[in-house]
Amino acid sequence: MAGDPIPLPILAPISGTLVPLDQVPDPVFSQRMLGDGLAIDPAAGAVVAPAAGQIAALYPTGHALGLRTPGGCEILIHLGIDTARLEGVFRPRVQQGETVRAGQPLIDVDLERLRALARSPLVPVIVTRLPAGRPVTLPLAPGTPVRGGVDAILVVGPGREDA
């Protein structure tokens, strides 16, 4: 069975500045317990789909969302640290199970309230599931400004033929 023939770019889900995952003040993310990726220090409050796929998980407060791509990658977008109980900061624009296109608006964030109420406003973007044989690369250096829905922050490489 062949893997996907082309690389899959994972776009920034929010505009801001790239931060290495090991600088996220939560060991679940910084120690890569859920997978590899990076974080974004947000500069805008609009969260968009980093790739085409299906909303696999949407947490009740809207603070986190899981996206499953057609090729089987799963991506977690976690809005801030210690935000699971924040009310009125996140306004989801999609529902679990919905199919989305890359760049489609997903969640509106009150960035001022996020910065005031969260332990950290950093937005981890984690590849939580990766089909076998598909490497992940980070094409941009930490400190790089990125635009949500425009700039590729991760690239999932093409699969290879199964033996």
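Scanning residues 5 or more positions from THR128 or on other chains, those with amide H under 5 Å from its amide H are GLU74, ILE75, LEU76, with H placed 1.01 Å from N in the peptide plane. What the phi angles of segment 6-18 give under the Karplus curve with 6.51, -1.76 and 1.60, with θ = phi - 60°, is a coupling list of 10, x, 10, x, 9, 7, 4, x, 8, 6, x, 10, 5 Hz, glycine and proline written as x. Cβ-to-Cβ counts within 10 Å put ILE75, ILE153 in ascending order as ILE153, ILE75, the fewest first. Reported to the nearest whole Å, the Cα centre-to-centre distance from segment 44-68 to segment 97-163 is 10.
So what is the 222 nm mean residue ellipticity for the chain from helices alone, if each DSSP H run of at least 4 adds -39500 (n - 2.57) and you divide by all residues, rounding to the nearest 500 deg cm²/dmol? Dividing the helical sum by the residues of the chain leaves -1500 deg cm²/dmol. What residue among ALA116, ALA39, ALA84 has the largest mean-square fluctuation in a Gaussian network model of the chain, using Cα springs under 10 Å? Fluctuation is largest for ALA116. Near the amide H of ALA64, within less than 5 Å, lie the amide hydrogens of TYR59, LEU79, all on another chain or at least 5 residues away, with H placed in the peptide plane.
Other residues with beta-carbon under 9 Å from the beta-carbon of GLY45 carry, at +1 per Lys or Arg and -1 per Asp or Glu, a net charge of -3.
Evaluating 6.51 cos²θ - 1.76 cosθ + 1.60 at θ = phi - 60° for every residue in segment 77-86, the Karplus couplings come out as 10, 10, 8, x, 10, 6, 10, 4, 9, 6 Hz, glycine and proline recorded as x. Note on the chain: with a GNM built from Cα contacts shorter than 10 Å, the maximum mean-square fluctuation among VAL28, VAL109, VAL125 falls on VAL28.
Here the Karplus relation 6.51 cos²θ - 1.76 cosθ + 1.60, evaluated at θ = phi - 60°, turns the backbone of segment 111-120 into coupling constants of 4, 5, 5, 4, 4, 6, 9, 7, 4, 8 Hz, with x for every Gly and Pro.
Per the Debye formula on identical point scatterers at the alpha carbon atoms of segment 58-163, with no solvent, log10 I(q)/I(0) at q = 0.11, 0.15, 0.17 Å⁻¹ is -0.40, -0.73, -0.91.
Exposure proxy for THR17, THR99, THR69: other Cβ atoms within 10 Å of each Cβ, ordered fewest to most, give THR99, THR17, THR69.
Only the coordinates and a few stated rules stand behind these numbers; no lab work does. The shown structure was predicted, so the numbers you read here are calculated from the model rather than taken from an experiment. Please note: Cβ atoms are built from the backbone with ideal geometry, for glycine as well, and neighbour counts cover all protein chains shown.
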